[in-house]
Structures are given as structure tokens and as C-alpha cells.
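Notes follow once the structure below has been shown.
The values are calculated or read from the model by the stated rules, or taken from the named source; none is laboratory data. Because the structure is a prediction, the values reported are computed rather than measured. Positions of Cβ are generated from backbone atoms using ideal geometry, with glycine treated the same way; all protein chains shown enter the neighbour counts.
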Amino acid sequence: MKSALTILLLRMFAFLPLLVARKIGECSGSICWLLNTRMAQTTRTNLALCFPNLDQKARNTLAQKSLQHTFQTIFEAGAIWLWPAPKTLELVLAVEGLELLQNAKAAGKGVLVLAPHIGNWETLGLYLNTCGCGPTSQLYQALESKSLEAVIHKARSRSGARMVATNDKGIAELLRTLRKGEIVAILPDQVPIASGGEFAPFFSMPALTMTLLNKLQQKTGAEVVVACAIRDKQNNKNGFVIKFTAPEPGIYAEHMSDALVGMNRSIEKAATKHPEQYQWEYKRFKRQPEGVAKVY
């Protein structure tokens, strides 16, 4: 029933113009803030941990904006997932730094696109296959619901992306893809299983950080490019600006602990540029080193 309702809601959202979807999302985020929901509490906690020098009023303002953007991402899902790919891609208003991706691809050692949860990462995933740099392989976690999984898998791959599962077979496929000089996109700021990560500072807080991206880089020599799809409005048109930036140099460090610091700093840099569009609602610090007090 839950999956059927989710699919129904997605189809309903797909009828909404993007402007309307964003307005509904903005209102929903404000209501979430006023009701002091668990999501709002998590957002406040994360911002207090990551921006301790920001005064309370400024943090509250940022928290409310973050909730608004997260709900906008939810209500945009109909357009991003269910519109025909060309129509969805018309929402891309501008692209910055594409030459970074092009140059990395030309190097021939494969490209790892580091795509944090900023703006609308689903839009970025769709765009990557149409920017002239060839097909991409994108790591994803399959859902338990087969019906919902079928809808989302079709949506994410409709512009040519190869969706690769997070298992040993999938990782082997990612290695082959990089060694062929192709592009792999990974969302790097989720809490991994204990065996798939190490603790590294994220905004000075210990965060269990996935090692997969760095292991793939070290094994293949792939170039890393940071990318995000920022929610924007230009010439009275609502849409997204795709931004490619260089990672922090430390991401290429030989030792994993140093490389993870470099990756997290790369995410921090991107999140700091657009803090209201980063997904602070996620419990990024839910796992802490032994002996450290729980955060949430």
C-alpha cells in the first residue's frame, strides 16, 4: 500500500509545473519547521554541530530554508523522474565548469563524479548522460519494493545511465567502467555499513565515511570531479544550474585516512557555497566512534 501510494503521489506531482511544485515544497518545509518535527530537530542539530560559530538566529533561518529546499526536492520528483527526459533536461538553465569533466574524461583514466546531496542530485544524474562525455554508471541502493524500484530505476536510467547495485558484482563493474575511461557517479555523503567506511572529520565532526570512491580512485588513477545541480531561477524561468568544480587535492592522497579527509573537505566546500540546499535533514553523524556520545 505504501509503495502504491508513493507511485500515485509521484504521478500527481508530475502534473505540477515546477514553480508550483517548489511553492508547495517551500510551504511544506515551513510547516515542518513550525511543527518542530523530527526532521526539523535533526536539521537544527546538524547545523549546530557544523556551524558552531553561526549565531542562533542565523542558524534557525538556515534550518528553515534547508527544510524548504528538501521538500522542494520531494515535490520536484514528479518532474525529474516522470517527465520525458528532453522535457526534464529543459530545466537545466546553465552549466558551469563542464570543461573540468571534459578534460578529466580526455585523460583516459576514467572519471569519478562526486555528487553530494546538494540541490537536486537526480537532475544531475540525468544530465550527466547528455553532456557529450559518454554514458555514465551510477551507484544506487535497490529498494525493497519491487514496484517502486521499477519506477525509479526506469526514471534514473531513461537518459542512458547504467544503474549499478551496491554489491561486489556492482563494484567490479565500476572498476571495469573506470578502466575503460568512462564515468562513474557516486553520492559520497551517506552513512555506509561499518565494513564500508572509516571515520573522518566532516565539518570537524567524526563521520563514518564511505571508502568506495577513494578505493576506486586509487586502483584506477581516475580523475575526480565534484558536481551538483543547484536550484535556481534565471530570466523568470525556474530550473537548475549544473556546477562542476575541482575536488580538494587531498582526495588523491595515498593513505586512505588522508584521502577521506580530502573527500569530506570537497563536500564541505560545495555545501558551504550553497548551505541552504544541502540535505541537513539526513542523520550524517548517527554512527560515532566507540565511547563517543550519540548525536541524535
Report the residue count in the range 128-141 for those that are crowded, with 20+ Cβ neighbours inside 10 Å and hydrophobic (A, V, I, L, M, F, W, C). 2
Please find, among G196, G125, the residue that is crowded, with 21+ Cβ neighbours inside 10 Å, within 20 Å of the chain's Cα centre (by Cα) and among the small types (G, A, S). G125
Identify, from the list S266, S257, the residue that is among the polar types (S, T, N, Q), farther than 25 Å from T43 by Cβ and touching a residue at least 40 places away in the same chain (Cβ under 8 Å). S257
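Table: residues versus (1) of a type in the set (G, A, S); (2) assigned to a loop (DSSP other than H, G, I, E, B); (3) touching a strand residue (DSSP E or B) at 6+ places or on another chain (Cβ under 7 Å); (4) within 30 Å of S204 (Cα to Cα).
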{"position": "P52", "(1), (2), (3), (4)": "no, yes, no, yes"}
{"position": "R59", "(1), (2), (3), (4)": "no, no, no, yes"}
{"position": "L62", "(1), (2), (3), (4)": "no, no, no, yes"}
{"position": "F71", "(1), (2), (3), (4)": "no, no, no, yes"}
{"position": "G78", "(1), (2), (3), (4)": "yes, no, no, no"}
{"position": "K87", "(1), (2), (3), (4)": "no, no, no, no"}
{"position": "L93", "(1), (2), (3), (4)": "no, no, yes, no"}
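For every residue, the table says whether it meets (1) closer than 17 Å to L114 by Cβ; (2) hydroxyl-bearing (S, T, Y); (3) in contact with a Lys or Arg (Cβ under 9 Å, 6 or more places away or on another chain).
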| residue | (1), (2), (3) |
| --- | --- |
| G196 | yes, no, no |
| A222 | yes, no, yes |
| Q234 | no, no, no |
| E248 | yes, no, yes |
| E268 | yes, no, no |
Would you check if there is a residue in the range 255-278 being more than 23 Å from L100 (Cα to Cα), among the small types (G, A, S) and out of contact with any His (no Cβ under 7 Å at 6 or more places or on another chain)? yes
Hits in the range 250-271 (condition: hydrophobic (A, V, I, L, M, F, W, C) and not in a helix (DSSP H, G or I)): A253
Checked pairs for the range 182-198, first closer than 12 Å to N214 by Cα, second surrounded by 16 or more Cβ atoms within 10 Å (Cβ to Cβ) and modelled with pLDDT under 95, C-beta under 7 Å and 6 or more apart or across chains, list as I186/L139
Selected residue (criterion: nearest to L91 (Cα to Cα)) from residues of the range 10-30 that are in contact (Cβ under 8 Å) with a residue 60 or more places away in the chain and assigned to a helix (DSSP H, G or I): L18
Give, as residue ranges, the strands (runs of 3 or more DSSP E) completely inside the range 134-216 that count at least 1 residues that are farther than 21 Å from A259 by Cβ and of a type in the set (A, V, I, L, M). 162-165
Of the residues in the range 164-187 that are within 18 Å of the chain's Cα centre (by Cα) and modelled with pLDDT under 95, the one that is surrounded by the most Cβ atoms within 10 Å (Cβ to Cβ) is V164
Can you work out which of the residues in the range 42-60 that are surrounded by 13 or more Cβ atoms within 10 Å (Cβ to Cβ) and more than 21 Å from the chain's Cα centre (by Cα) is farthest from Y296 (Cα to Cα)? L54
Residue check for K109: over 30 Å from F75 (Cβ atoms), over 20 Å from the mean Cα position of the chain (by Cα) and assigned to a helix (DSSP H, G or I): no
I'm trying to understand the selection: among the residues of the range 233-267, which are acidic (D, E) and surrounded by fewer than 18 Cβ atoms within 10 Å (Cβ to Cβ)? E254, D258
Qualifying residues in the range 1-34 (those that are charged (D, E, K, R) and more than 13 Å from K65 (Cα to Cα)) - the one surrounded by the most Cβ atoms within 10 Å (Cβ to Cβ): R11
